[in-house]
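Engineer: Okay, here's the structure, questions in a sec.
The values are calculated or read from the model by the stated rules, or taken from the named source; none is laboratory data. This structure is a prediction, so every number in the text was calculated from the model and none was measured. Here the Cβ is made from the backbone with ideal geometry for all residues, glycine too, and neighbour counts use every protein chain on show. Accessible surface is based on the protein model in full, side chains and every heavy atom, while ligands, DNA and RNA are left aside. Shrake-Rupley method; radii C 1.70, N 1.55, O 1.52, S 1.80 Å.
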Amino acid sequence: MLVKITENVHMAFEALFSNKMRSMLTMLGITIGVSSVILLMSVGQAVEKFILGEFSSFGSNLIIVFGKASNDVADQFTVDEADMFTPLTEEDYANMRNPFNVPDAQVVAAAVAVTAPIEVDDEEYTPQIAGITESYIEAYNFTIGLGQQITDEHNESAARVAVIGQDVVRDAFDGAYPLGETIRIDGVNFEVIGVWDEIQSSLDPEINNIVILPMETVQRRLIRERTIDGGYPITAIYVKATGEGTVNDVVEQVRATMRDSHDLATDEKDDFVVFSQNQLLDTLGTITSLLTVFLAVIAGISLLVGGIGIMNIMLVTVTERTREIGIRKAIGAHKADILTQFLIESVTMSIVGGAIGTVIAISLSILASELVPNLDVQVRASSIVIAVVISAAIGTFFGAYPASRAASLHPIDALRYE
């Protein structure tokens, strides 16, 4: 059996080399299809890894609580960003910090967003502005590059101090040493006491264009609104779970605490939103995986076209070699021998085309990684195995009919064929 297969493979290569141009054009469809499938799968996997990595940098065990979003979709496009969510209260924050309410929380922080320009030397700039508690830095793992962070002492004394991002240093201070300089926000002067390290995030280009203030200072000096209970509003509460394994437990603890804080009955819906990075990562992973599969399916259409090309050429080959088939049958070749011969020729043509396509895909993936450094495009071994299997399957499927037709020829009719 092994000898027969070896002989048939040898004959298949002889047939390929005897019609080089035709063989190359026939394999072109398979080559393009295989290279497209492998390359698009590799790029899709690289994009998925990149997006998940960007979000994971902020920690997959972070939970964020907002006030209830507007139910009117139209409002989302007409109201200011600061009014899009109903603010939380100081009581909500206090209840969340109670370890008896959320025992699996490692860090609980709060922030207040402010919409206002800053002034430096009579020039206006529009960075993001937020008032935070000291624990906010720990929740997001941000590090200070120069000076000091916002501390609890700054909040307790409502100090007029600010920590700024690298973009603010470049835009407002022209890259000069900013510590000790003054920025003005809504008529209030703040002293710059720190600069955050550059934060790498391709998903949020404005993340370094930020001014951070003590939350107490923002509430007392920049925010004039009050909540129903007379306290100051809070834009969001951040809860960091002790680990990825406790995220779901913390989400439920946070939801129960918020419902109790808002005196919601059992049949009442939540008037707040609990959002976890873990849920976002799962959703993004599902979306990017489906996108990768979709791209691979689209590229797979070219494989179908390539398979039809192989069937067409094999039918032509059978017609051209009808007399050869008759001679082989006349000297004792069985139907299975003829079937195997032409099937192996079809599979060989398909596998060779797939191998060339794999080499092209690997080369293009290396080139893509060089051109786009943020994307680590790698051809996985599983992709190569899939490509080989698909190539062999296409050769078998589309070569089966021509091979069967060749094997079914009657030797007398084949010998009489001119």
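Engineer: So how tilted is helix 335-371 from the main axis of the chain? Cα-based, degrees 0 to 90, rounded to 10.
Structural biologist: 30 degrees
Engineer: What is the ratio of the Cα radius of gyration of segment 216-361 to 2.2 N^0.38 Å, with N the residue count, to two decimals?
Structural biologist: On the way: Rg = 34.0 Å, N = 146, 2.2 N^0.38 = 14.6 Å.
Compactness ratio reported: 2.33.
Engineer: Give me the extension gain from Val293 to Thr115: residue separation times 0.36 nm, minus the current Cα-Cα distance, reported in nm with one decimal.
Structural biologist: 59.9 nm
Engineer: In addition: Under a crude label model (7 Å from the Cα following the beta-carbon direction), how far is Ala381 from Val316 in nanometres?
Structural biologist: Modelled inter-label distance: 4.0 nm.
Engineer: What percent do you get for the relative contact order of segment 117-174 when only Cα pairs under 8 Å and 6+ apart count?
Structural biologist: Relative contact order of segment 117-174: 32 percent.
Engineer: Near the amide H of Glu181, under 5 Å away, which other amide H atoms are found, from residues 5 or more places off or on another chain, if H is placed in the peptide plane?
Structural biologist: For Glu181, the qualifying residues are Val192.
Engineer: Also, quick follow-up: To the nearest 10 degrees, how steeply does helix 20-56 sit against the main Cα axis of the chain, on a 0 to 90 scale?
Structural biologist: Tilt relative to the chain: about 20 degrees.
Engineer: If a paramagnetic tag sat 7 Å from the Cα of Asp122 along the Cα-Cβ line, which residues of segment 178-193 would have the backbone N under 16 Å from that point?
Structural biologist: Residues passing the 16 Å test: 184.
Engineer: Right, next: What does segment 269-354 give for Rg and for Dmax, in Å, if only its C-alpha atoms count?
Structural biologist: Rg then Dmax for segment 269-354, in Å: 25.7, 87.
Engineer: Moving on to the next point. Over the chain, give the accessible area per residue in Å² for a 1.4 Å probe, as an integer.
Structural biologist: 52 Å²
Engineer: How many percent of the accessible area of segment 131-175 is carbon or sulfur, using a 1.4 Å probe?
Structural biologist: Carbon with sulfur: 41 percent of the solvent-accessible area.
Engineer: For the chain, what is the mean residue ellipticity at 222 nm derived from helices alone (per DSSP H run of n ≥ 4: -39500 (n - 2.57); sum divided by total residues; nearest 500 deg cm²/dmol)?
Structural biologist: Here the helix-only value at 222 nm equals -18000 deg cm²/dmol.
Engineer: Would you check the accessible area of Ile327, probe 1.4 Å, heavy atoms only, in square angstrom rounded to 10?
Structural biologist: 80 Å²
Engineer: From the phi of every residue in segment 395-405, what ³J(HN,Hα) in whole Hz does the Karplus formula 6.51 cos²θ - 1.76 cosθ + 1.60 yield, where θ is phi - 60° and glycine or proline is x?
Structural biologist: Values, residue by residue: x, 5, 5, 7, x, 5, 5, x, 5, 5, 5 Hz.
Engineer: Normalise the Debye intensity by I(0) for segment 296-414, one equal point scatterer per Cα, no solvent, then take log10 at q = 0.19 Å⁻¹ and round to two decimals.
Structural biologist: -0.94
Engineer: Work out from phi, with θ = phi - 60° and the Karplus expression 6.51 cos²θ - 1.76 cosθ + 1.60, the ³J(HN,Hα) of each residue of segment 147-157, listed in order in whole Hz, and give x for Gly and Pro.
Structural biologist: Going residue by residue, I get x, 9, 8, 6, 10, 5, 4, 4, 5, 4, 9 Hz, with x marking Gly and Pro.
Engineer: Report ³J(HN,Hα) in whole Hz for each residue of segment 314-327, in order, from the Karplus equation J = 6.51 cos²θ - 1.76 cosθ + 1.60 where θ = phi - 60°; Gly and Pro get x.
Structural biologist: 5, 5, 5, 4, 4, 5, 5, 9, 4, 5, 4, 5, x, 5
Engineer: Right, here's the next one. Run the accessible area of segment 334-378 with a 1.4 Å probe and give the carbon-and-sulfur part as a rounded percent.
Structural biologist: Exposed carbon and sulfur together represent 72 percent of the surface.
Engineer: Ok, one more. Counting every Cα pair in the chain, what percent are over 38 Å apart? Before the final figure, lay out the partial values.
Structural biologist: Details: 42055 of 87153 pairs.
Roughly 48 percent, once rounded to a whole number.
Engineer: Same structure again: So, by mean Cβ neighbours within 10 angstrom, what's the order for 365-374, 190-199 with the highest one leading?
Structural biologist: Ranking the peptides 365-374, 190-199 by packing returns 190-199, 365-374.
Engineer: Around Phe272, under 11 Å between beta carbons, what's the net of Lys plus Arg minus Asp minus Glu among the other residues?
Structural biologist: Result for the local shell: +1.
Engineer: Quick check on segment 136-223: of the DSSP beta bridges with both residues there, what percent are antiparallel, nearest 5%?
Structural biologist: 70 percent
Engineer: Could you sort the peptides 216-224, 347-355, 395-403, 294-302 by per-residue average Cβ neighbour count (10 Å cutoff), highest mean leading?
Structural biologist: Packing order, densest peptide first, comes out as 347-355, 395-403, 216-224, 294-302.
Engineer: From the alpha carbon gyration tensor of segment 146-246, can you work out the equivalent ellipsoid semi-axes (sqrt of 5 times each eigenvalue) and give them in Å, largest to smallest?
Structural biologist: 24, 21, 13
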